[in-house]
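Everything on this sheet refers to the single structure shown next.
The values are calculated or read from the model by the stated rules, or taken from the named source; none is laboratory data. Every value quoted in this text rests on a predicted model; they were computed, and no experiment measured them. Because the Cβ atoms are built from the backbone with ideal geometry, glycine has one as well, and the counts that use them run over all protein chains shown.
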Amino acid sequence: MQASNDVVIETRNLTKVYRDFWGRQKVRALKALDLEVRRGEIFGLLGPNGSGKTTTIKLLLGLLFPTSGQSLVFGRDATDVSKNERLGYLPEESYLYRFLNAEETLDFYGRLFKIPRAVRRQRTFELIEMVGLDWARRRQLKEYSKGMVRRIGLAQALINDPELILLDEPTTGLDPIGTREMKDLILKLRDQGKTVLMCSHLLADVQDVCDRIAILYQGELKELGRVDNLLKVRDVTEIRASGLDAQAQQEIKAVIEKHQGKLLSMGNPTSTLEELFLKIIRESEAHPGRRVRGEKES
């Protein structure tokens, strides 16, 4: 069990039901979600469209109220707006003022957080350089490509030097180089001790950067755990060795040592996050209502 000060986000039986005009249940967006996000980790929230990812994010931000259950951020109820000073949020679609340039955009949001002018200017300079937009700092956002808008959106989410960053589809609109740079930035945020919760449909991106993941389907938690443990193929043993002839390669570990071969590694091969994701979705469709059995630890 993690110490309470190591848990940045906690949901307890979190449920959200959308109702129609007459109060009848229309959509059950989230059902009894229990999960924890720990300080200093990158946590991935995965699921197909309509699985409850965006609803979860909005509940954590206090933009929605739960039908039942509770969501806690920094130990406070998510509806407590004072927590937002310690948060950074990059929505799937960044809503920025297109007539402002990069410097003016970050200065504007810095003022909303009442950051002193000198600190604001320094943060603006550092963030624009960090996201690779130094060459376009004076250009209006209406002249930016979608990928450039994504970058300045991340800078805006970091203007208040937040402890927790919520990223919704952070690599949307980025080319392969920009995607790699965005993933490197996310890893750098973790190295700085920050906590990152990210949603993405690009499973390879999540596999590259996330420490732990939760997979949602139709509002229910279907899988939860460390990426490396979840992708391990446990019923297969893989051996890698060098310095062996063709005959020795067919033999078991004891014979490898007998032939003076060097054992490089021995363990379980891994699957891919795409294979795991599709397997869980298919199983969920075949067995509706089956819940996650618990986090798999090494």
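Here are a few things to note about the model shown:
- The lone exception for Glu93 - which of (1) within 21 Å of the chain's Cα centre (by Cα); (2) crowded, with 19+ Cβ neighbours inside 10 Å; (3) not basic (Lys, Arg) it fails: (2)
- Segment 78-90, subset touching a residue at least 60 places away in the same chain (Cβ under 8 Å) and buried (at least 18 other Cβ atoms within 10 Å of the Cβ), residue farthest from Phe113 (Cα to Cα): Leu90
- Residues (assigned to a loop (DSSP other than H, G, I, E, B), touching a residue at least 12 places away in the same chain (Cβ under 8 Å) and more than 17 Å from Leu174 (Cβ to Cβ)) located in segment 111-145: Phe113, Ile115, Arg137, Arg138, Arg139
- Evaluation of Lys114 against the conditions (1) touching a strand residue (DSSP E or B) at 6+ places or on another chain (Cβ under 9 Å); (2) within 25 Å of Thr195 (Cβ to Cβ) shows that the sole unmet condition is (1).
- Condition check for Thr56: of a type outside the set (D, E, K, R), buried (at least 18 other Cβ atoms within 10 Å of the Cβ) and in a helix (DSSP H, G or I): yes
- Test: residue in segment 28-44 that is surrounded by fewer than 21 Cβ atoms within 10 Å (Cβ to Cβ), over 20 Å from the mean Cα position of the chain (by Cα) and assigned by TED's automatic domain parsing to the domain that holds Leu164: yes
- Inside segment 46-91, residues that are hydroxyl-bearing (Ser, Thr, Tyr), closer than 26 Å to Ala155 by Cβ and touching a Ser or Thr at 6+ places or on another chain (Cβ under 8 Å) make up a count of 1.
- Restricting Leu112, Leu96, Leu106 to residues that are more than 24 Å from Lys183 (Cα to Cα), of a type outside the set (D, E, K, R) and either assigned by TED's automatic domain parsing to the domain that holds Lys188 or modelled with pLDDT of 95 or more (or both) narrows the list to Leu112.
- Among residues of segment 249-290, those that are at pLDDT 80 or above and either of a type in the set (Asp, Glu) or in contact with a helix residue (DSSP H, G or I) (Cβ under 8 Å, 6 or more places away or on another chain) (or both), counted: 7
- Filter result for the condition that a residue is out of contact with any Lys or Arg (no Cβ under 6 Å at 6 or more places or on another chain) and of a type in the set (A, V, I, L, M, F, W, C), over Leu45, Leu30, Leu87: Leu87
- Condition check for Ala136: at pLDDT 95 or above and either closer than 24 Å to Thr55 by Cα or not polar (S, T, N, Q) (or both): no
- Boolean, Gly153 is under 21 Å from Asp184 (Cβ atoms), in contact (Cβ under 8 Å) with a residue 60 or more places away in the chain and of a type outside the set (Phe, Trp, Tyr): yes
- Candidates in segment 162-219 are the residues that are outside any helix (DSSP H, G or I) and small (Gly, Ala, Ser); of these, the one that is nearest to Thr15 (Cα to Cα) is Gly219.
- Count of residues meeting criterion [within 18 Å of Leu87 (Cα to Cα) and of a type in the set (Val, Ile, Thr)] in segment 120-146: 1
- Exactly one residue out of Arg226, Arg293 is outside the structural domain of Asp168 (by TED's automatic domain parsing) and either more than 17 Å from Gly47 (Cβ to Cβ) or at pLDDT below 75 (or both): that is Arg293.
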